[in-house]
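Please treat every number below as a calculation from the coordinates, not as lab data. This is a predicted model, so every value here is computed, not measured. Every residue, glycine as well, gets a Cβ built from its backbone with ideal geometry; the counts of neighbours run over all protein chains shown.
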Amino acid sequence: MKTMTYLEAGRAGLAEMMRQDGSVWALGEDLGRGGVFGQYHGLQDEFGSDRIADTPISESCILGSAVGAAMMGTRPVVEMRFADFALCAVDELVNQAAKARYMFGGQARVPMVVREPSGMWRSSAAQHSQSLESWYTHIPGLVVVMPATPADNKFLLMESIRCNDPVVYLEHKDLWSLEGPVDDQTETLPIGKARVARPGSDLTIVSWSAMFHRALEAAAILATQNVDAEVIDLRTLWPWDRQCVCESVQKTGHLLIVHEAVQVSGFGAEISSVVTENCFGDLKSAPRRLAAPRIPISYAPTMEDEVRVSASQIVEAALTQIGT
Amino acid sequence: MNKTNFDRARYRHFYNQMCRIRAFERAAIKAKDENLVLGAIHPSIGQEAAAVGVCGNLRREDILLSTHRGHGHTLCKGADPQAMMLELLGKTGGNCGGKGGSMHIADFGVGMLGANGVVGANINIAVGAAHAIKLKGEDKVVTCIFGDGAINRGPFLEGLNWAKIYNLPVLFVCEDNGYSATTNTKDTTAGAGPVARAQSLGLEAESRDGNDVVGVDIATRDLLSRVKKKGPHLLHLKTYRLGGHTSTDPAKYRPDGEADGKWSEDPIARCRDMLKQAGLTDEALTDIEMAATSEMDGIYERARDAAFPPAANAYTDVQDIGDPRSQAF
């Protein structure tokens, strides 16, 4: 067991897959010098510039060429720099990557990973801060992964590279320096399994990515007030672990979903609906969502914090929900 | 044309292929008119020389990416026209199992990686396919055919730049029928067009008469050998779409008489004249044409009589992880 940062773990996962499988390669802007955040640091020295490819600032071609390269039997890992920039390649992701297998009647496979550094990162404003995961869950053909811990960032990335479907892989920029234990042994971590990070009996809090850590903080505060919250890290949004969430709600009777993305049409709405439809009789209160207001993200910290859900807000919402 | 070098057998074959494409398109239009084809089709009548002159030079292992007007390219790359017609009708046995229809025809078994419903989207996919070929060290060439409308989309710039900087084995073919859907491309295109734009990125590019199958053939053969040695090239083929944008478009936006006049440059008639000059008889050439018509009529009838796929097939081929069939709750 090693201690690694979230960033180092992702890099280690990619390097391990590139050593195992010669068809894996990465492409994106500035990868040779390590990528914007250093996620690729040193990889070009080990694997060369063909397999860690520096590209022009051509998002549509970065993603579109990966579709062609994937259909030809390679496993490209696409670096989008910021999740916001992937919007320059929506056709390539939504109309091409996600649809090729289906519309060609199963002739194509598009095994590619689209890494999109996502989420709020102090004072990055409206075009470098968004959490757009719910958009991708709406697109048949895509897998959507959002790791919250260093170990998950290594093993979910490896599993995403092994996956024969296009995977949108959303790493949170605010987690790069987060440290945690990462097993030396190569283990497999199946996509679609949530993790009950903190078992509890009074309330279920479902979250993912950076917001999962706020949920854990909130649970620790709630424990001091004799509220025993169960915290679930969803890890992947499509497919998502409905069984894990429903089993928890059957136990606690209360569901609070917390995410960084805008609340309107966010993935919390899907979770809330599915739980209501399937576990209505187990619910002691209406499922509740805690997420961002429907406003763009500001630069100034005072205004930026208006869209950031805090641990104290989670505590307050949890207490209100269980009627304490 | 240099008559002493005229390869009669080759162009007799090319003539046959052009006749087969036209017969296929006419059978498809008939099926559309009879409501057997439910979606839109974009026939390539008038553009057969470009399809045959280019795709007739591709080996089975070479890769082709095509457009929404791609029946001719696909047929010429070696796809089974019966499977293509079944796909147009959305029937069992279609290339894509009825999931794609005309605009998503593909036959990966013959290196045809898909028509595309989005103008210009095939350019980025083509350069990626070539990138994979280069990474794997394979001896293959990618040909990417797009229309004159596509040069005004971003992927034209991004994809050609990409192909050049990585020196990828791609032949870009701009099949220029003069119309971007229903608008004259001249009215929406600044500058001197695809050749000048490609040259500005350092690609070698040339323009040819796209209705002269012999000229297209010679140019393509030469360019494909250069692509292998020197990286990407662009071939601009000037042709004309003798019908509308779709089979149901009467194309009233064209100046009166324009299309009628262009029938005098019909690539099939021109090829026929050349073959006659080279000694083939009218009777022999008519036999070829009639055999093509008869082949495609049979294909049409078998497609008409085939079954639709079961509705449950709508849930297959989506994805392995998160497969909709395993997500029912």
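Placing +1 on each Lys and Arg Cβ and -1 on each Asp and Glu Cβ, with no other charges, gives chain A a dipole about its Cα centre of roughly 460 debye.
Remark on A:Met112: its backbone amide H falls under 5 Å from those of A:Val167, a criterion applied only to residues 5 or more positions apart or on other chains, H modelled at 1.01 Å from N.
May I ask which residue of B:Ala192, B:Trp162, B:Phe14 lies farthest towards the positive end of the charge dipole of segment B:3-306, with charges of +1 (Lys, Arg) and -1 (Asp, Glu) on Cβ and the Cα centre as origin? Most positive-ward Cα: B:Trp162.
FRET efficiency for the pair A:Arg33 and A:Asp184, taken as 1/(1 + (r/R0)^6) with r the Cβ-Cβ distance and R0 = 45 Å, rounds to 0.95.
Phi-derived couplings, Karplus 6.51 cos²θ - 1.76 cosθ + 1.60 at θ = phi - 60°, listed residue by residue for segment A:95-100: 7, 9, 4, 6, 9, 4 Hz, with x used for Gly and Pro.
Selection among A:Ile62, A:Gly34, A:Ala300 by position relative to the dipole of chain A gives A:Ile62 as farthest towards the positive end (Cβ unit charges, Cα centre).
Expressed in nm², what is the orientationally averaged projection area of the convex hull enclosing the Cα positions of chain A?
Numbers: hull surface 65.1 nm².
Mean projected area for chain A: 16.3 nm², to one decimal.
Can you pull a Stokes-Einstein diffusion coefficient for segment B:3-306 at 10 °C (1.306 mPa s), Rh from Kirkwood over Cα pairs, as a whole number of µm²/s?
Answer from the Stokes-Einstein relation: 82 µm²/s.
In the protein assembly as shown, Rg over Rh equals 1.05, where Rg is the alpha-carbon radius of gyration and Rh the Kirkwood radius from pairwise Cα distances.
Adding -39500 (n - 2.57) for every DSSP H run of four residues or longer, then dividing by how many residues chain A holds, sets the calculated 222 nm ellipticity at -10500 deg cm²/dmol.
Between A:Lys284 and A:Lys193, what FRET efficiency follows from the Cβ-Cβ distance if R0 is 35 Å, with the result rounded to 0.05?
For A:Lys284 and A:Lys193, the calculated efficiency is 0.85.
Tell me, in nm to one decimal, what length is gained between A:Ser177 and A:Thr320 on full extension, where the rule is 0.36 nm per residue of separation less the Cα-Cα distance?
Working: separation 143, 0.36 × 143 = 51.48 nm, distance 3.35 nm.
Between A:Ser177 and A:Thr320, full extension yields an extra 48.1 nm.
With a simple spin-label model that places each label point 7 Å from the Cα along the Cα-to-Cβ direction, the separation between B:Leu38 and B:Ala307 comes to 1.7 nm. 3J(HN,Hα) along segment A:29-44, derived from phi through the Karplus expression 6.51 cos²θ - 1.76 cosθ + 1.60 where θ = phi - 60°, amounts to 6, 6, 5, x, 8, x, x, 4, 10, x, 5, 10, 4, x, 6, 5 Hz, with x in place of Gly and Pro. Calculated on C-alpha atoms, the gyration radius of segment A:1-86 divided by its Kirkwood radius gives an Rg/Rh of 0.96. Secondary-structure-derived ellipticity at 222 nm for chain B, considering helices only, amounts to -13500 deg cm²/dmol, per-run term -39500 (n - 2.57) for DSSP H runs with n ≥ 4.
Ranking A:Ile161, A:Gln130, A:Met103 by how far each Cα lies toward the positive end of the dipole of segment A:97-186 (charges on Cβ) leaves A:Met103 at the top. If you plug the beta carbon distance of B:Arg10 and B:Trp263 into 1/(1 + (r/R0)^6) with R0 = 30 Å, you get a FRET efficiency near 0.75. The residues packed around B:Leu234, meaning those with a beta-carbon under 12 Å from its beta-carbon, carry a net charge of 0 if Lys and Arg are +1 and Asp and Glu are -1.
What ranking do A:225-233, A:3-11 get when scored by the average of other Cβ atoms within 10 Å per residue, highest first?
On the way: A:225-233: 20.1, A:3-11: 21.9.
Result, highest mean Cβ count within 10 Å first: A:3-11, A:225-233.
For chain A, DSSP calls about 25 percent of its internal beta bridges antiparallel.
Report the net charge of residues surrounding A:Glu171, where surrounding means a beta-carbon distance below 14 angstrom and charges are Lys +1, Arg +1, Asp -1, Glu -1.
Values: positive: A:Arg11, A:Arg81, A:Arg115, A:Lys154, A:Lys173, A:Arg235; negative: A:Glu8, A:Glu79, A:Asp84, A:Glu116, A:Glu133, A:Asp152, A:Asp174, A:Glu260.
Result for the neighbourhood of A:Glu171: -2.
The modelled label-to-label distance for the pair B:Thr189/A:Ala126, using points 7 Å beyond Cα in the direction of Cβ, is 3.7 nm.
About its Cα centre, how strong a charge dipole does the protein assembly as shown have in debye, to the nearest 20, once Lys and Arg get +1 and Asp and Glu get -1 at the Cβ?
Numbers: 66 positive and 81 negative charges, 202 e Å.
Taking the Cα centre of the protein assembly as shown as origin, the dipole is about 980 debye.
As a quick test, which of the pairs B:Lys99/B:Lys136; B:Lys186/B:Lys229; B:Lys136/B:Lys230; B:Lys30/B:Lys252; B:Lys186/B:Lys228; A:Lys2/A:Lys251 have an alpha carbon distance above 27 angstrom in this structure? Exceeds cut-off: B:Lys99/B:Lys136; B:Lys186/B:Lys229; B:Lys186/B:Lys228; A:Lys2/A:Lys251.
Can you tell me the order of B:95-103, A:310-318 when each peptide is scored by its average per-residue count of other Cβ atoms within 10 angstrom, highest first? Intermediate values should be presented prior to the final figure.
On the way: B:95-103: 23.9, A:310-318: 18.0.
Highest-to-lowest ranking by the protection proxy: B:95-103, A:310-318.
Compute the helix-to-body angle for A:267-279: its Cα long axis versus the longest principal axis of chain A, expressed 0 to 90° and rounded to tens. That works out to roughly 50 degrees.
With charges set only on the Cβ (+1 for Lys and Arg, -1 for Asp and Glu), what does the dipole of segment B:3-306 come to about its Cα centre, in debye to the nearest 20? Walk me through the intermediate numbers first.
Numbers: 38 positive and 38 negative charges, 184 e Å.
About 880 debye.
When cysteine pairs in chain B are screened for C-beta atoms closer than 4.7 angstrom, the residues that find no partner are B:Cys19, B:Cys96, B:Cys144, B:Cys174, B:Cys271.
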